[in-house]
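Undergrad: Could you have a look at this structure, given as structure tokens, before my questions?
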Amino acid sequence: MTGKTWGEIKSTYPIGARVTGAVKVKFQHGVFLELDGAPEVRAFVDLLSYNPNGAMQGFGLPEVGEIITGVVAELVDRDQQLRIRVGAPFWENSD
């Protein structure tokens, strides 16, 4: 289904939903993902939300084309954008 409204996107991807996508664009401060089956969805992972190993061991971001899985952490109405978190938040030093 293409051309989803922002309301439909929010219903499909609520906070806490698990998503997978490929890095489409990489910036110094984060990456945009193209979610599987939903190219119209704007999904963003910022530098502080990318912590795949569960411990802040570096500040690298995935490369364009890399597939990553994360959780919807925020729905930003102003930008009609999903904010994605990968791994535990860096301030949670568990495991």
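The values are calculated or read from the model by the stated rules, or taken from the named source; none is laboratory data. Remember, it's a predicted structure, so these values are computed and weren't measured experimentally. Neighbour counts run over all protein chains shown; Cβ positions are idealised from the backbone, glycine included.
Undergrad: Within the range 1-21, can you find the residues that are hydroxyl-bearing (Ser, Thr, Tyr) and surrounded by 18 or more Cβ atoms within 10 Å (Cβ to Cβ)?
TA: Selection gives TYR13 alone.
Undergrad: Could you please let me know if LYS24 is farther than 14 Å from ASP79 by Cβ, surrounded by fewer than 18 Cβ atoms within 10 Å (Cβ to Cβ), at pLDDT 90 or above and charged (D, E, K, R)?
TA: Answer is yes for this residue.
Undergrad: To continue, here is another question. Just one of the numbered conditions (1) touching a Phe, Trp or Tyr at 6+ places or on another chain (Cβ under 7 Å); (2) farther than 28 Å from GLY3 by Cβ; (3) among the small types (Gly, Ala, Ser) is not true of ALA43; which one?
TA: Just one mismatch for ALA43, condition (2).
Undergrad: On the basis of being modelled with pLDDT of 85 or more and charged (D, E, K, R), does GLU74 make the cut?
TA: Yes.
Undergrad: Okay, next question. Would you point out which residue out of VAL41, VAL31 is at pLDDT 95 or above and not small (Gly, Ala, Ser)?
TA: Answer to the selection: VAL31.
Undergrad: Under 6 Å between Cβ atoms, which residue pairs at least 6 apart in sequence (or on different chains) link something in the range 37-50 that is surrounded by fewer than 18 Cβ atoms within 10 Å (Cβ to Cβ) with a partner that is small (Gly, Ala, Ser)?
TA: Close Cβ pairs satisfying both conditions: ASP46/GLY30; LEU47/GLY30.
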